[in-house]
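Below is one structure; the comments refer to it alone.
The values are calculated or read from the model by the stated rules, or taken from the named source; none is laboratory data. Please read these numbers as outputs of a predicted model, since none were measured by experiment. Note that each Cβ is placed from the backbone with ideal geometry, even for glycine, and that neighbours are counted across all protein chains shown. With ligands, DNA and RNA removed, areas are computed over all heavy atoms of the protein, side chains included. Shrake-Rupley method; radii C 1.70, N 1.55, O 1.52, S 1.80 Å.
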Amino acid sequence: MDSPKPNSGRSLVWLLFVAMFLAHQDFWWWDDSSLVFGFLPIGLAYHALFSIGCTLLGWLAISKAWPSELEAFADEQEEAESS
Amino acid sequence: MTTLIVIIGYLCLLLALGFFSNRLFRGTSKDYFVASHSIGPFLLLMSVFGTTMTAFALVGSTGKSFERGIGTYGLMASISGLVHAGIFFLIGIRLWAFGKKYGYITQIQFFRARFESDGLGYLLFPILVLLVVPYLLIGIIGAGKVIEPVTAGAFPELFTNPSAPPWLGGVPPWLTGLIVSIVVLSYVFMGGSRGAAYANTFQTIVFMIMGLVAFVFIIKGLGGLDQAGRVPARITEKGTIVQDFRYDKKESQLKANDPPKVVGKVKHSESSELTDHQPHFSRTPVTAEFKKKNPKTGELISFERELGIPFWTFVTYLFIPLSVGMFPHLFQHWLTAKSAKAFRLTVLAHPLCIMIVWVPCVLVGAWASGVLPPGIPPPAVLSAMLNLLVGDPVLTGLLTAGVLAAIMSSLDSQFLCLGTIFTNDIVLHRAGPKKYSDKQTITIARIFIVVIVSLTYALAMVAKDANVFDLAIWCFSGFSALFPVVFAALYWKRATKQGVIASILGASVTWVYFFYLSGYGGEYFVGPGIVPAAICFFVASVALVVVSLMTDPPSRETLKKFFPKLS
């Protein structure tokens, strides 16, 4: 499926997506077992925040790169094909 | 006994939900297989999340954290939040659009049309079935391992041969597996895809709420959050691993061990600063030796365990969550969506839902290292913690029902999916769409579902001692090795039938090779800790690209159909 031409919003989402992969490799906490709020190991706290970051990235992707053309394509009246 | 009554009550409630969803069933095969494309955002989120979170998420994550510590979260949960959401966005919505427009119900129908190949369907069918079956086994084995400890003592004269001596009289895994299989079969049989979506939503809400309740009670049992942080096993200056606390069940409180109880010793570590280190709270690999009792002879035997996560394992684990793009049961859930907009909530909330479920489980697993014997089977850690710290039989029953909910919310989709692909990709495909009436089509699917449930149950009894987490990883590795096929189908016009067949064969051969080297389902790494899924993925990708470029591209009609100009 040929998507519409890339725009700056889509490029930003892709850039952040790659950045998130890099941010996931948090080797700097590797040996650190100190606790945040007295109970949460810092390595786990970081990755919990990472999960929240994924949601924010999802929100950005929906706002800036939502494939609205796909919905229109799916709803076009064409005879359904069964294989 | 009270605990058991609560669990039975929950299962009866599910059966009632099955009867209810049967009343909403519209009687057509389209409704049975994909709920007539009528599922809205909330039900889609709950059913997709409930399907991806199985025994693996609750029982497996707690057990893995008990073995390897908090790195388990980064290893599987946080990366899954990113990769899963990306796949829903990039793969799920596109497949939904093609499915809705061209009437596809299964992945194989899509691939047959996209790559103009009938044989591709016959190649993929057994591979998908063989990969879903271990996933099903995880659920049935996991359910058995959860129920036995929490019902220990209920029937001491009836069940005299427990998996471990303290669980004498508990409901044995074979009986739990049988009951869970029958309950899931009942509501899938009656309500099909719509029934599974409603049951998944109900069960996902139950296991998320119960997971949080369990977490609160475990914290309370450990004496509060601050105290819980001090509980995990600790390494002394002599290199021994000690438990500083024990839980006194009679007084229902945590007490200090004086002197600390030695449970193991460090054999090897790359870190020199280990004194007073809690290895379950960091990710530096530490090889330790522990002792456990042989359940039959009572004799103490030594075993080694690697705590922490090797660097290359952590990096290459990102290939495992790619499996979601090729799960046939998830494809079916995507197809139930009413519109593309229904995916928005799933993309947004899936990473948060993962966090809500996994952070407590991983913490409980790490805390358990300080109060449970190290030799306890990892899948039994969560229920052992509930049994030890919560105590109240009603609450334990409700919490266990929550674990069962997580397990069954995956089993239903997988059973339904196998019935769907057999009916559509084999029976109807060979006979032609007009040979069977809608009613007969549903009957064929139901018969196959009964057969697959029976076979899975028998297999689960054979593999009852398998490690739930490791078995899941093998299943996910197989699906992630097939990911290049779906990605190329959607985004690379030049991908050809021959390229895809080469990719599937490459993925299969490498997977089987590593599976054999692992001793058929154990934990296995290549070289410095690389997961086999990364190598299978690489081989499959290279085969796809090289063979596609060497063969003729797909026809213009096919390319026009699957790569239309969109504005």
- Item | chain B: relative contact order in percent, alpha carbon pairs under 8 Å with at least 6 residues between | 28
- Message: With θ taken as phi - 60° and the coefficients 6.51, -1.76 and 1.60, list the Karplus ³J(HN,Hα) couplings across the stretch B:22-35 in order, rounded to whole Hz; mark glycine and proline as x.
- Response: 5, 6, 7, 5, 7, x, 9, 5, 4, 6, 5, 8, 10, 6
- Rounded to the nearest whole number, the Stokes-Einstein translational diffusion coefficient of the stretch B:444-492 at 20 °C and 1.002 mPa s (Kirkwood radius, C-alpha pairs) in µm²/s is 160
- Give me the accessible area buried between chains B and A, both sides summed, with a 1.4 Å probe, in Å² rounded to the nearest 100. 5300
- Message: How long are the semi-axes of the equivalent ellipsoid of the stretch B:446-567, taking √(5λ) for every eigenvalue λ of the Cα gyration tensor, in whole Å from largest down?
- Response: 33, 21, 12
- Among the listed pairs B:Lys64/B:Lys255; B:Lys249/B:Lys296; B:Lys101/B:Lys434; B:Lys439/B:Lys497; B:Lys30/B:Lys64, give every one whose C-alpha distance is greater than 28 Å. B:Lys439/B:Lys497; B:Lys30/B:Lys64
- What are the residues of the stretch B:212-226 that lose 20 Å² or more of accessible area, with a 1.4 Å probe, going from their chain alone to all protein chains? B:Leu225, B:Asp226
- Note on the structure: Within chain B, excluding any GluC sites (Glu not before Pro) found in a DSSP loop (not H, G, I, E or B) and having at most 14 other Cβ atoms within 10 Å, the longest uninterrupted segment runs B:300-567
- Query: Residue-wise, which Karplus ³J(HN,Hα) couplings in Hz belong to the stretch B:536-547, taking 6.51 cos²θ - 1.76 cosθ + 1.60, θ = phi - 60°, and x for glycine or proline?
  - Reply: 4, 4, 4, 4, 5, 5, 4, 4, 4, 5, 4, 5
- Query: Protein chains only, probe 1.4 Å: how do B:Met550, B:Met326, B:Met1 rank by accessible area, largest first?
  - Reply: B:Met550, B:Met1, B:Met326
- Excluding residues fewer than 8 positions from B:Lys561 in its own chain, the aspartates and glutamates with Cα under 20 Å of it are A:Asp2, A:Glu69, A:Glu71, A:Asp75, A:Glu76, A:Glu78, A:Glu79, A:Glu81, B:Glu116, B:Asp118, B:Asp552
- Note on the structure: Taking Lys and Arg as +1 and Asp and Glu as -1, residues besides A:Asp32 with C-beta under 13 Å from its C-beta add up to -2
- State the answer as a single residue: which of B:Ile147, B:Ile182, B:Met76 lies farthest towards the positive end of the charge dipole of chain B, with beta carbon charges of +1 for Lys and Arg and -1 for Asp and Glu, about the Cα centre. B:Ile182
- Past 32 Å, Cα to Cα, is the threshold; run B:Lys435/B:Lys493; B:Lys265/B:Lys464; B:Lys220/B:Lys341 against it and keep the listed order. B:Lys435/B:Lys493; B:Lys220/B:Lys341
- Task: Mind grabbing the base-10 log of I(q)/I(0) for the stretch B:488-560 at q = 0.15, 0.23 Å⁻¹? Debye formula, identical points on the C-alpha positions, no solvent, two decimal places.
- Result: -0.56, -0.92
- In whole Å, largest first, what are the principal axis extents of the Cα atoms in the protein assembly as shown? 77, 52, 43
- Item | Accessible area per residue, Å², chain B with all protein chains present, probe 1.4 Å | 36
- Task: Work out how far the C-alpha atoms of chain B reach from end to end along every principal axis, then list the three figures in whole Å, largest first.
- Result: 77, 52, 43
- Query: Ordering B:Lys435, B:Lys296, B:Lys261 from largest to smallest accessible area (1.4 angstrom probe), what's the sequence?
  - Reply: B:Lys296, B:Lys435, B:Lys261
- Task: List, in order, the whole-Hz ³J(HN,Hα) value for each residue of the stretch B:476-493 obtained from phi through the Karplus relation with A = 6.51, B = -1.76, C = 1.60 and θ = phi - 60°; use x for Gly and Pro.
- Result: 5, 4, x, 5, 5, 5, 8, 4, x, 5, 6, 5, 5, 4, 8, 10, 10, 4
- Task: Taking each pair of different alpha-carbon atoms in the stretch B:231-307 once, compute 1/r for the pair, average those values, and report the inverse of that mean as the Kirkwood hydrodynamic radius in Å to one decimal.
- Result: 13.6
- Task: Compare the Cα positions of B:Ser38, B:Pro126, B:Ser61 along the charge dipole of the stretch B:27-163 (+1 at Cβ of Lys, Arg; -1 at Cβ of Asp, Glu; about the Cα centre) and return the one farthest towards the positive end.
- Result: B:Ser38
